[in-house]
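The values are calculated or read from the model by the stated rules, or taken from the named source; none is laboratory data. Since this is a predicted model, take the numbers as computed values, not measurements. Heads up, the Cβs are rebuilt from the backbone with ideal geometry, glycines too, and the neighbour counts pull from every protein chain shown.
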């Protein structure tokens, strides 16, 4: 099963640059190591408990794609009482919205008043996510009607960044990366 998932992921990214393919497959592989971990609000321990946000943070950090992310404390039902896009704000610090998901990208869902759930694409439409009362599971994002109706879009850490910092003196056509990816590139 895991081999089939990784092969499907590889097929969807065959045309990507080698370093990106390696990172994307590392994210998918890391996500799969969390399968069966119980759901536990605000936890981030493989095999013991994790929620959907901490799952994303731990997988991307474990795969070496993003630095450690430590969100502020949040109540279990924060998304039911607030319309502030806290979850989306954290994702947008490290990823940009894309039209078509590739393996390793993030799919976000709107439950309650704002985006409040995320999953990692293995090979679209298949995803891995930490789901309340189920834990970390493989799921079919398009076939799961609850998820399909709540889908808010896709985000990728590998998408081109088009926001130029005001304090930088850049030449036209220069690709701008977020600090976390730029630091990785200079290691």
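Things to note:
- Single residue of 42, 57, 14, 31 found to be within 20 Å of residue 69 (Cα to Cα) and out of contact with any strand residue (DSSP E or B) (no Cβ under 8 Å at 6 or more places or on another chain): 42
- Residue within the stretch 104-120 that is out of contact with any strand residue (DSSP E or B) (no Cβ under 6 Å at 6 or more places or on another chain), under 23 Å from residue 13 (Cα atoms) and part of a loop (DSSP other than H, G, I, E, B) present: yes
- Selection from the stretch 7-32 of residues that are exposed (fewer than 15 other Cβ atoms within 10 Å of the Cβ) and without any contact (Cβ under 8 Å) to a residue 24 or more places away in the chain: 7, 14, 15, 17, 18, 19, 22
- Of the residues making up the stretch 163-183, one or more are farther than 20 Å from residue 21 by Cβ, part of a strand (DSSP E or B) and at pLDDT below 95.
- Within the stretch 42-54, the residues that satisfy the criterion of being crowded, with 16+ Cβ neighbours inside 10 Å and either outside any helix (DSSP H, G or I) or touching a helix residue (DSSP H, G or I) at 6+ places or on another chain (Cβ under 8 Å) (or both) are 43, 44, 46, 49, 50, 51, 53.
- Residues satisfying the stated conditions in the stretch 57-99, i.e. in a loop (DSSP other than H, G, I, E, B), surrounded by fewer than 16 Cβ atoms within 10 Å (Cβ to Cβ), at pLDDT 90 or above and at negative phi: 67, 68, 93, 99
- With respect to the conditions (1) in contact with a helix residue (DSSP H, G or I) (Cβ under 7 Å, 6 or more places away or on another chain); (2) farther than 22 Å from residue 152 by Cα; (3) touching a residue at least 12 places away in the same chain (Cβ under 8 Å), residue 106 falls short on a single one, namely (2).
Yes or no, residue by residue, for (1) within 27 Å of residue 47 (Cβ to Cβ); (2) at pLDDT below 95; (3) surrounded by 13 or more Cβ atoms within 10 Å (Cβ to Cβ):
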{"position": "107", "(1), (2), (3)": "yes, no, yes"}
{"position": "110", "(1), (2), (3)": "no, yes, yes"}
{"position": "114", "(1), (2), (3)": "no, yes, yes"}
{"position": "138", "(1), (2), (3)": "yes, no, yes"}
{"position": "147", "(1), (2), (3)": "yes, yes, yes"}
{"position": "153", "(1), (2), (3)": "no, no, yes"}
{"position": "159", "(1), (2), (3)": "no, yes, yes"}
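- Remark: pairs (first residue in the stretch 67-91, farther than 24 Å from residue 157 by Cβ; second residue modelled with pLDDT of 70 or more; Cβ separation under 6 Å; 6+ apart in sequence or on different chains) = 76/41; 80/112; 83/113; 83/114.
- When each of 121, 45 is tested for being modelled with pLDDT of 90 or more and over 27 Å from residue 19 (Cα atoms), the lone residue that passes is 45.
- Taking (1) in a loop (DSSP other than H, G, I, E, B); (2) surrounded by fewer than 20 Cβ atoms within 10 Å (Cβ to Cβ); (3) over 14 Å from the mean Cα position of the chain (by Cα); (4) modelled with pLDDT of 95 or more in turn, residue 37 satisfies each apart from (2).
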